[in-house]
Every structure is written in C-alpha cells, then in structure tokens.
Amino acid sequence: MTPPALTLHPDRALPADPGTRAVAREILAATLDLPIVSMHGHVDVDVLERDEPFSDPARLLVVPDHYLVRMLVSQGVPHAALGVPRLDGGPVETDPRAVWRTFASHWHLFRGTPTRYWLEHVLVEVFGVDVRPSAETADAVYDRIAEALDRPDHRPLALFDRFGIEILATTDHATATLDDHAALAARGYRDRIVPTFRPDALLRIDRPGWSGDVALLEERSGVPVTSYRGFVAALEQRRAAFLERGARATDHGHLGADTTPMDDASAERLVTSALRAAAGGPPVDAADARAFEAHMLFQMARMSSEDGLVMQLHPGVLRDHDRTAAAVLGPDLGYDIPVAAEFTRALRPVLEAFGHHPGFRMVAFTVDEDTYSRELAPLAGVYPALRLGAPWWFLDTPDGLRRYREAVTDTAGFANTTGFVDDTRAFCSIPARHDLARRVDAGYLARLVVEHRLDLDEALDTAVDLAYRFPREAYARRAGSATGPGATVPEPVSRGREHA
Amino acid sequence: MTPPALTLHPDRALPADPGTRAVAREILAATLDLPIVSMHGHVDVDVLERDEPFSDPARLLVVPDHYLVRMLVSQGVPHAALGVPRLDGGPVETDPRAVWRTFASHWHLFRGTPTRYWLEHVLVEVFGVDVRPSAETADAVYDRIAEALDRPDHRPLALFDRFGIEILATTDHATATLDDHAALAARGYRDRIVPTFRPDALLRIDRPGWSGDVALLEERSGVPVTSYRGFVAALEQRRAAFLERGARATDHGHLGADTTPMDDASAERLVTSALRAAAGGPPVDAADARAFEAHMLFQMARMSSEDGLVMQLHPGVLRDHDRTAAAVLGPDLGYDIPVAAEFTRALRPVLEAFGHHPGFRMVAFTVDEDTYSRELAPLAGVYPALRLGAPWWFLDTPDGLRRYREAVTDTAGFANTTGFVDDTRAFCSIPARHDLARRVDAGYLARLVVEHRLDLDEALDTAVDLAYRFPREAYARRAGSATGPGATVPEPVSRGREHA
Amino acid sequence: MTPPALTLHPDRALPADPGTRAVAREILAATLDLPIVSMHGHVDVDVLERDEPFSDPARLLVVPDHYLVRMLVSQGVPHAALGVPRLDGGPVETDPRAVWRTFASHWHLFRGTPTRYWLEHVLVEVFGVDVRPSAETADAVYDRIAEALDRPDHRPLALFDRFGIEILATTDHATATLDDHAALAARGYRDRIVPTFRPDALLRIDRPGWSGDVALLEERSGVPVTSYRGFVAALEQRRAAFLERGARATDHGHLGADTTPMDDASAERLVTSALRAAAGGPPVDAADARAFEAHMLFQMARMSSEDGLVMQLHPGVLRDHDRTAAAVLGPDLGYDIPVAAEFTRALRPVLEAFGHHPGFRMVAFTVDEDTYSRELAPLAGVYPALRLGAPWWFLDTPDGLRRYREAVTDTAGFANTTGFVDDTRAFCSIPARHDLARRVDAGYLARLVVEHRLDLDEALDTAVDLAYRFPREAYARRAGSATGPGATVPEPVSRGREHA
C-alpha cells in the first residue's frame, strides 16, 4: 500500500468559513514573504558559530525537542529509547535511526498538536519529505533528511539565510563570554544574531550553585562581589557587555512576578548572608530569597530604564515538577508545569515606578490564559512601558494564538502587543512557527473584516505590524533617560504614529 | 486622495458563516427597534437636568472616556495633550480642536477594539460623519460634530428621546441630594431617569474622607451617626429617600465579594473606633475595615430583602493601580485593573441567608471571566435571588459578549441573566452598546438555531427577553417580605412564566 | 393551534459551516453506532438489579435530576412542587402528573442548555414523544411516557441492552455489600455492570457520621479498625472485594486535590484521635483532618499502583453551599458549587512517586476550565500515569466539550484523554450524553480536517478512539508491579501503539 502523502496545504490553519478564508488568504499574502524577526529564542549560538552540519535527523529533530519527548514519554516511551542522555552517563539508545523509528512509529500521538504542525512544515519545507511518518516509512524519511543534512545548503548559517531570518536573539547566561557572538559579529552577523541577558540563576541566592555563578560573575565582569553594591555593579557591567554585543533585551523566568523592592540595607544584609552561606554559614531563608528575587526584578527594571535593554518577564512555571526525573535527566525535559499567575499586584511596584518612563520597556509573557483579559490586557492597555508578549510555550498553537487575540485585542488593541515572538530552541522550526502565527493572525483579522469591524486596508496594514513591524519596534533599544520614577506622569514622550 | 469612507454595515458584528448570518439577521430584526432599558450607567444626571448643548467634540467624546484615554496613553500620548485636567490645575491642552486632532491621528490604535465599534456608531448615527477619522480628516470631522452640537436636536434630553431610552438609571452617592432627579421628575421623567444608591465610600471606614462623608450622611438623612445603630439607620433612611425618587437598585464596587456578617457588638466597636479615628484617635486596622465592609454588604442584602432595592455587586477591581497618576489626575482614568475574583465562598453568607428570599434580588458582575462557568453560572442556576449581570467593563465587547453567553448559558440558561446592562458614562454611546449586544446575542442564538439546539420561534422570543424583558424584570423592585433567612427553603414563591 | 413538533435533527450539535458540517457528518457516521462504554456513572445498581418498571415520568425524569431541579428552583419553583422529598417527611407534591405539569410549563427555561439537549433525546428516542413540552402538551406527553413505561421493553435491563451499553460502572460506597452486583453477575452481567470503589466518607475523619461508617467498614471487611494500620488494611480488603466483583476504578471527590503524604506515626496519631473523638473525646482539628485526607489520597494512589484499580479524582466542588437546603432536603440537589482548583502543586507528591509507575493510572476531572490548558494538559502530556477525564458536571455541554478539546489537545493530544465519560445518574440520558459527545468531537475533528491540520483518515480513526477505544483502555485494570516510586524514570514500560 502506498503510504499517505505528506503535503502542506496552502490554506492550512486558515478559518473554515469560505468567505473568511478568502479574505484571510489575501491578508496572509501580505506577510508570508516578510523576513523573520525572532527576538526571543533559545537556539544555541555555538551551533550557529561553528556552522557544522547537523549530525543526524534524531539528534536534530527528536532528542532536543522537549515538546516531542514529553508527548512520547506521556504514552510510555522511555527517555532512554529516545536517546535522551542521563546525567550519570547511564546507557541510552545511541543509534539515531533507532530513535527515529521509535518517534516515527508514534506519529499518531501528535494528531491535533502544534508539534505536528511544526514538524510537517520542517519535514516538507526544509527536507522535502513527502510521505507521512510511520513505522513503515521511518527509514525512508530518515534517509531523506540525512541526505539533506550532508549538503552544505543545510548547514546552520545557510538555513539561517534561507529561512529569511532578519535578526535572531539567543538567550545567554549573564556570565556568558559572548565569544561566539563576537566571532559571528566579525563575520558580518553583528546585528542579525544578538545575545539576550539572562541573569535568573544569579538572582536566586538560595540556589546550591549560586556561589559558583557569583565567582564566574566576578571573573567575567572584573567587579568583586563582596557586597550588594558589588553584586549590582557586576550585573550592570555584564549588561553593558551584552549591549556592546548588540543585545536588545534581558530575559527573566521566575516562579512569581513579584517586583516589590526592599531598601538597600536589607538587600545588603541578604547578599552578605548568601555569601556567608556559600562559605559554609547557615543557609539563606527561602522567603528571604524570594523577597530578594522580587527586589532584583525591580532593580532590573531600574537598570533597563537606564540602559534601554527591553525587560522580558515570563513567570508562572514550576520547574522540574518531577525531581527524580530532573536528577536523572537534567532540566528542560518537559517537566516544567504552569501554575496560576498574578500580574496586577505583582507588577504594581515596577509599573508605578517605571510604567511611564520613556526609557523603560517591559514585555510580559504568560502560560496562564486567565490573565490575558483579566490582568495583562488591562495593564498593557494603559501603561506605555508594557507590551504583551506573544502566546508562550504551551500556548503558541493554532487555537492558543487565536484565543490570545480574541482575549487581548478588546482592551489592549494590537499595538500594545509585541507581534509574534517564537520562543523556540528548535532551529529548524522557526519558519514553521512564524508561518503559523501569520496564518492565525490573518484568520483573526479576516474575521474582523468579514464581521465589518475592520476595513480590509487596515487588516492588511495590521498583519504587517504583527508579523514584522511590532516585534522590531517592541525590541528596539529604548532611549535611556534620567527621568525619575513617576516623573513622567502625566507627560511621557508621545510614541504614537501618524497614520492615514 | 479621497479619505476612506466611514459607514455602518447592516451585518456588522454578526457571525461570518452565511447561513448563520441569515438567521441572525432575522433574529436581530426582532430587537433592533426595541426601546433601550439602561439600568446601570454612570451618566451624570446634572447633564440631563441642565439639558444644555454639549460644549465641543473633544469634551464630549474624548476627554471623559477612560477607554479612549487609556489606549492613547498606553501608546505614549500624554494626558495633558488630551486635555485631561490635573487636580493641581496645572497646564493641559485647552483647545478642543487640538485634542481632537491628537485623537483622530491615533485612530488606528483602536482597530479591533469595542471603543472603535462604539465610536463609529456614534460618529455615523448621532453625528452623520462619513469619513474615517485621521490626521487628515480630523478638522472636517470636528466641524461636522461641532455643527450638530449647536442644534437643539443634539441637546441631552433630545438625544435621550431620539435614542429610544425607556429608562435610564444613574449612579449616585448615598449622600446625593437627588435634587436633579426631583427636577427631572417634575418635568415628566420620574420613571425614565432614576437614581441608584451607591454607598461604597461610607462602607470603608478606613478611608481618609470617611468622616466627611459621614457628616454629609447625617445632614442628608437627619439621623445622627454616633453609633453603629445610627449608621445603619441613616443608611436605611437614605435608601428610603432613593426609593422615593424612583430608585430600583443599589450599586456596590468592592475589591472582594466577601459578605461575612459580624455580630452587632463587633460592628458597634468598629464604628466607634472609626468615629474616634476621625476625631484624632488611632486609625482603624485595615483588616478590621475589610471585615466591616463584608459585614455591611451582608447588611445591604438584608436591607434589600426588606425594601426591595435590587443589589448590584461588582467586585474584583484594584482601583488606582498607579497611585502617582491618581494623585495627579484623580480616579477613573483607566488605572483600575482587575484581579482574580471569588464568589462561591464569598457570597455564601448572603445566599444562605437571602438566596431564596422572595424580597431579595442580587445582580452580580465580574471582570474575571474564569468565574462565569466555574462560579457565577452554577450559583445563579440554583439560587432564585441571584441574577448574572451582563459582561462588564473590559468585557462588553463583541467577543466578550459571545464568550459570556457560551460560558453561562449551559448552567444558568438565559432567564438567570439580566439581559444587557450597559454600564457606560459615555451618554452618546448608549445606543451603540445596546446595538452591539443585540447583534452578538442574535449571533449566538442563530448558532443555536443552525446547530438545531433551539427552534427559531424560541430564539426570536429569547432575543426580546435579553434585549428588553429581562433587564426590566431583573431590576423591577422586589416585593418586600418579612420572611426570615432560610425560611423560604424549600418553598419560595414561584416566579416561573407560563410559556407555549 | 398545533403545538410545535419535537424532533431530533440528524445534524444537531454539528458545526454551522456547511463544509465543516459535511466532514463532521462523515466522521460522526463512524461512531454513532458504536457501543457505549460508561465508566463513571451514578446509576443506582439496585434499579438495574430489581429490573422493575420505572414508576412514572416525573419520578423517572424530573425528581431525581438535579440539573433540572436546580434550574426550576432558580426561577422560583419550590422544591415541594417538584415532589422533591424532605428529610423530615414534610408534605410535598405527590401526584406525578402535577409535578410533570410544573416541569413542562417551564420548558422554556432550558433553552440553550445541555439539559434540554439530553431531554429532547430521551423524549424522542426513548419514548417517542413528538411535541414540544409545554403547559398545553404536558398531559399528552405524560401519557405517552407513562404508556411506554408500562411495557416490558422499557424496563431497566431492556433499556440497558437497547441503549447498546457494553459496560456500565456504578459508584458504590466503600462499605457496600455489592450483593446487587453479585446478583447481576449471576445473571450474566459480570463484566457489563461493575462497581466503583468510593471511600470519600471514610477518609474525612472529622465527619459526624465517620465512626458509624468505620463500624460498617469493620463489619464488611472483617478487619478490626483500632489503628491506622487496621484502617488501611480494612480499606485494602474492601478494594480487593470490589476487584473481585469486577471493579475497574476508585472514585474520589475531595474539596482540594492535595496529595501530600505524612509519616505513619502522624497518621496513626490522627486515626487514634478520630477513634477517641467517636468515643466522646475531643474533636479532630479540621486542618489535621484535611492533612489526613491528603495523606489518604496518596495512600489510595499507592494502593492503585499495587492492585491496578484506576484512581479517579475530581476535586474543586464545595458541597451543600446552602446548608439550610441541605438540612431540609439532603445532598445532591444542585447546591454543590465549584471553586478554583489547583493541580500542579497538589498532585506533585503522587506524580513524583507514581507518575511513571506502570501499575498506576490516575484520571483527573475538573470543573474549573482554567486548569485545562494551564495545569492538566501539561501534566497529562508528560506523566504516563495521568489521563485527563472528560469535561465533568457543569461542563459536559456542547460548548463545554468543544472548549475542552480546544484547550487540551495542543499539549496533551488525544491519547492522554480518556475519551468520553458520562458521569450521570439519569439512566435514560446515557445515550443522549454519548451522542452529544460524539457529535462535538466529530465537529472538532472536522475543523482540524478542514483547516488541513489533520487528514480525514486520521480523524476517522481518532473519533473511534475517543468514543470507544480510549475509555476502554483508560479504565483497563493496570498490571500491578512491585517497582518502587521513581524507579521507573527513565524507563517505564512502553504503551505506545504501532500505527500505520
């Protein structure tokens, strides 16, 4: 029997109603060929810098994709069978073809999921696969991909260009050397591959590895960290180094969004305790550590208002839900689970202080959809500094993207959102994710047109905003300013555009 | 170039699917010409009583509309540029034409928002504007509106009649003189423009201005407030005065929905403390003040069960999120932000006591959509006293209204909702809001018909219920009763209608 | 005037868009005739065992249906008028025809509700009614049903066969004799009518009736309960007895989902306290009782991992919201109201311990839709032991079922859900509920096909999964295993299917 074909329908993910679909097609045509602006991602910069061929289909597409691994695990496929390495170096499947077969024979599990949508796009568009993956077709599909990977036009930077990526932001530890970025800059990628400053690990003073990270911070920054003042100065130095390398933003993933500041004396006391704990003293109290984290988020906002780095915040995820799995396999394997989020009270300190500051820009993400219409859209709909990030993580799906627009547009409009931000570590799926977002936005805008709530010329213009202009503008480095907290109410600088 | 036209399409906000739209049109035809029942609004009664021409387009449509102002501010337009007055009298733009130009040149920000829907309706229907607002057309549109405002047929009461408003409820401080209502009553508006009793300020005994309000309460009621007993008696007197002037309802906006009563001795102790604090004694504890607020909500329910005023409750909004903005500009400027709401536990005391009381009617509103299917529909679907208010504030939008029906109808049906309630302070937008609600309800009902879940004759009847009969019935003054708490279980008076 | 006809349209509850509907029809055809797998219900086994004719239309369809009773009560119909018995034996309507007339004359209240959908199905399909219920048609409809009930083909077991029920799980107190099940087994229903183990009452050690239930537990199990050890052993004995009678699952309805275990010494101390309280000692502290409940949920998971009974958990409902109503009328009359639920933290202890255990299966239900995309889909999408139950209670409605698929499929796929589970005590409505679920799933799958997100052959296969294969597989007794907590990470047994 001929295996079912794998194709990408030109109307995929567009609305079912024929009239709406026709309008959506017209809107989509305005964005499909726009460059990709990828301002928040987790692609390993080292892969781009080395620019070596990807090793094999399994290690490229299966093993590192936690969406995919978690689904297979949830249906009883062992991590070992998927070649996911153990921290203790214990035995796991090492034959990429065997891993691929296991994956392909479970293709049915991905029905109706965004993972399936992205994979289809990657298989067809990037590798020219034309049959549906299955136990039967696993080898043929594997061979097709492996062949492509051998060719120079499938090396990372070749794909980077072929994908039409105008700019890609990576995510980098605050203590990163940024050498890879420097090397890429020397080869002409200075404004196309930029780092993002991620200091989370340093802000949790009760983490076991904290003192090691602080030592690294001292080394990288050249600033001794023997006090809160030193700690802050070292972080400021690193932000400056990131800026030097073209960084546009910082990235903060905390369990909660609390931004309550403390006075300097209290902060000093806690840093001193943490340094003493590192030297064998009593451990820092967990509640104190959380309070310090909130304080440091406030400090990060203050620094952003001064240096113009966009501050990205994505709270509400309990990391490593299964601690045994984390101990055996490490983090980022699909055991991070959302909890209810709260923004209204949590962001009040930062927004009261910097919400009208012309130098400050915060982008907030959530995996708790309840907060869209209840908290985030109302906040972004009044504070000039705040933009809503795109649907994040579990929510950047056909229905998730649609629900987002339906929930936030009423109160925040379009211009208070960032447009699409992809947030992926799967390099080959970047075009697929932007493709999907452009389709869903086209569908949403088409519905507004068909329901006579928007004219077509406006929908076309807005589609380009969402796909291209807004992410560029949202992550443009803010002009710094010496204006203090609150001073800009009621006279912040106008950022309105003149429109016909 | 000719600027784009501004028109209202007869099918606006109806479902995209042609078959469903055809049914929706038929259903809409049954309600479009019905009178407007506007039972919860914030139009200033003084404007109606004076009945003077509106001064200019900016002061009528831009400056006082917090939906509109907040969107412009969120994109960096200063409050001052919009002519929003400062409490300190500091300089702001005073030329209405300049304000209007700023607004018109940012028209694109409102794409996809309900504000845009309402504004289009007002511009076209009330003022005959026929071009899309923009920097280019700003002056022409301004002139067109200004011209209309000069004509006697655009004075408040002329518009009131032209809008087909059968009855309009204003919102009035518990200490209001109600003189304007008396004057309007004398001119024949007794049952068409009615006050609503809003005692919030008096129930927060830790508010800075509380003692001043209490002094006013004493003056208006003629009841000395030197004790809890006196406080309650004075409030009861004022409710009677409101009833005298045709009031149908009370209105309560608290941060939480807690209705836990306390014993009289505790209440007495707290009122005494508050009076002492006003006279220079130690301040009332915040937790005590919140407990007293909950107790007074319970008391308000008790009073409603006796005097038949409908009790409206809309909790879950943190007022004046940016305290600097509030200090500079005052309240109600778009800085009120929702928080998660809870009704199941919070309303238990009141519903256990009065939920089956034939004299009691509570209407609950929320800005937390999560509570629709989880708490409010289940509660309203069993307690005879409770009705669900219409989608409120950030939620009275095309998609918000639709989500509301989809979330509550399953468990509460239609008859446990109030039908549409507009909640606006923008007088000219009242018809637009009812127009939108009728369209969305027509679309929802049409879907039920097309999915063969409802017959067309039933949909037509229900559409009239939602647009007209239910708001009238929900806000009809309840017949008082001496029946005590709980006594009406299991035998409350039947309020079922006989239907063919 | 001829009363309006009552018919079931073949396209009912299918999507409005004609193209999508055509595909949905094709998908629905694949499932409409499949047997019914009803793994979680509340039909009284005694009714099946006795197999006597149902007494009358009111006692069959009105009085025991709390969906229906609560809606009538919410609109002022007294419980007494509906013949709902009082615990004190006080007078209520006893004429079934009078009760029926009251119900029929309020038919309009059910517009748009699932109750209406189910009732229409029952009236037309089971009883051949062909006119819309109303005051006018009440008697004719009553007579038609009464006539049918007199016939042998409308006895419980005849209907059971006619409904095509392959297997029905009842819900039974942990202390049930299971005699009815034994009798039915003797008549050939051993694998078709099975009990479900529900120990809730025994796990709340501060309940007034707890000691009586413990006495019964001792009697049924033959195990003396004088200690925590004895308590656990007695429960284990009862689980074995249920297994003996064909049980597939346990059922747990707690206010919260907390599963935090305590050490044995603490558990022993609490059981001893509870036994002393029963003997006149001081009452058990409420917080201690809640902690014990959480501990026992953990123990139930442990037992499930050993004996293979599927563990069903449905938290988040505050029972008997109106305590007066409960005191007068008893439980289960519509006064159970949802509260916000939390799963991520609450299930962590159980999932860390048994989430990868091949012998453990948990099925989680919720009435808080917020938890679908935020917590339950992410958890079920990674832990092999966890499956998402179908939309439950207030949510098994046309729109509720659709929202569920839209919210969970992205992250959990289809295979991590149980397929449809009906959860009804209204025997005659079982086919109606499965009919509705099959229609809504067909509509959802059709949309995926029309949006080119799924091929038609896959949709057809998935429809059968959801209607038939998944509920069978989800409630298949797990193979027990001695593997300890955590030991199965990262190598649980594969449960993937091979698919073409």
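The values are calculated or read from the model by the stated rules, or taken from the named source; none is laboratory data. In this text, all values refer to a predicted model and were calculated from it rather than measured experimentally. Positions of Cβ are generated from backbone atoms using ideal geometry, with glycine treated the same way; all protein chains shown enter the neighbour counts. When the accessible area is computed, the model is the full protein with side chains, heavy atoms only, and any ligands, DNA or RNA have been set aside. Shrake-Rupley method; radii C 1.70, N 1.55, O 1.52, S 1.80 Å.
Structure notes:
- Helices (runs of 4 or more DSSP H) contained in region B:104-203 and holding at least 3 residues among the charged types (D, E, K, R) and out of contact with any helix residue (DSSP H, G or I) (no Cβ under 6 Å at 6 or more places or on another chain): B:138-150
- For region B:373-390, a residue qualifies if it is within 16 Å of B:HIS40 (Cβ to Cβ) and either touching a Phe, Trp or Tyr at 6+ places or on another chain (Cβ under 7 Å) or outside the structural domain of B:PHE360 (by TED's automatic domain parsing) (or both), and the qualifying residues are B:GLY389, B:ALA390.
- If the condition is being buried (at least 20 other Cβ atoms within 10 Å of the Cβ), outside any helix (DSSP H, G or I) and not hydroxyl-bearing (Ser, Thr, Tyr), then region B:254-268 contributes B:HIS254, B:ALA257, B:ASP258.
- Flag if C:PHE360 is open to solvent by less than 10 Å² (accessible area, probe 1.4 Å), at the interface with chain A (Cβ under 9 Å from one of its Cβ atoms) and farther than 17 Å from A:ARG70 by Cα: no
- Of the residues in region B:43-64, none is at the interface with chain A (Cβ under 10 Å from one of its Cβ atoms) and under 30 Å from A:VAL363 (Cβ atoms).
- Of all residues in region B:128-175 being of a type in the set (S, T, N, Q) and closer than 30 Å to B:ALA467 by Cβ, the one that is surrounded by the fewest Cβ atoms within 10 Å (Cβ to Cβ): B:THR171
- Taken as a whole, region A:72-88 holds no residue that is open to solvent by 10 Å² or more (accessible area, probe 1.4 Å) and either more than 14 Å from every other protein chain (Cβ to nearest Cβ) or under 22 Å from A:VAL124 (Cβ atoms) (or both).
- Taken as a whole, region B:72-87 holds no residue that is at pLDDT 95 or above and more than 21 Å from B:GLY334 (Cβ to Cβ).
- In region A:89-104, the qualifying residues are those that are more than 10 Å from every other protein chain (Cβ to nearest Cβ) and among the β-branched types (Val, Ile, Thr), and the one that is surrounded by the fewest Cβ atoms within 10 Å (Cβ to Cβ) is A:THR94.
- Per the listing C:LEU329, C:LEU309, the residue uniquely crowded, with 24+ Cβ neighbours inside 10 Å and out of contact with any strand residue (DSSP E or B) (no Cβ under 9 Å at 6 or more places or on another chain) is C:LEU329.
- In region B:274-287, residue least open to solvent (accessible area, probe 1.4 Å) [restricted to those that are closer than 26 Å to B:PRO315 by Cα, outside any loop (DSSP other than H, G, I, E, B) and touching a residue at least 60 places away in the same chain (Cβ under 8 Å)]: B:ALA274
- Residue match in region A:387-395 (condition: over 13 Å from the mean Cα position of the chain (by Cα) and more than 12 Å from every other protein chain (Cβ to nearest Cβ)): no
- Criterion violated by C:ASP191 - all others in (1) open to solvent by less than 70 Å² (accessible area, probe 1.4 Å); (2) among the acidic types (Asp, Glu); (3) within 21 Å of the chain's Cα centre (by Cα) satisfied: (1)
- Enumeration of residues in region A:334-356 that are within 14 Å of chain C (Cβ to nearest Cβ) and open to solvent by 20 Å² or more (accessible area, probe 1.4 Å): A:ALA340, A:GLU342
- Filter pass, B:ASP251 being open to solvent by less than 30 Å² (accessible area, probe 1.4 Å) and either not in a loop (DSSP other than H, G, I, E, B) or not hydroxyl-bearing (Ser, Thr, Tyr) (or both): yes
- Whether a residue is modelled with pLDDT of 95 or more and not basic (Lys, Arg) was assessed, and C:VAL450 passes this test.
- Take the conditions (1) of a type outside the set (S, T, N, Q); (2) open to solvent by 10 Å² or more (accessible area, probe 1.4 Å); (3) in contact (Cβ under 8 Å) with a residue 60 or more places away in the chain; B:ALA407 misses just one of them, which is (3).
- Among the candidates B:THR411, B:THR371, residue that is at pLDDT 95 or above, of a type in the set (Ser, Thr, Tyr) and touching a helix residue (DSSP H, G or I) at 6+ places or on another chain (Cβ under 7 Å): B:THR411
- Criterion violated by B:ASP322 - all others in (1) within 14 Å of chain A (Cβ to nearest Cβ); (2) of a type in the set (Asp, Glu); (3) closer than 28 Å to C:ASP368 by Cα satisfied: (3)
- Any hit, region B:197-208, residues being over 22 Å from B:GLN312 (Cβ atoms) and open to solvent by 10 Å² or more (accessible area, probe 1.4 Å): yes
- Test: residue in region B:454-463 that is of a type outside the set (S, T, N, Q), more than 8 Å from every other protein chain (Cβ to nearest Cβ) and surrounded by fewer than 23 Cβ atoms within 10 Å (Cβ to Cβ): yes
- Output for region B:218-245, where each listed residue is assigned to a loop (DSSP other than H, G, I, E, B) and open to solvent by 10 Å² or more (accessible area, probe 1.4 Å): B:GLY222, B:VAL223, B:PRO224, B:THR226, B:SER227, B:ARG245
- Filter pass, C:THR418 being within 14 Å of chain B (Cβ to nearest Cβ), β-branched (Val, Ile, Thr) and open to solvent by less than 10 Å² (accessible area, probe 1.4 Å): no
- Scan of region A:398-432 for residues that are in a helix (DSSP H, G or I), closer than 24 Å to B:ARG116 by Cα and among the β-branched types (Val, Ile, Thr), ordered by number: A:VAL408, A:THR409, A:THR411
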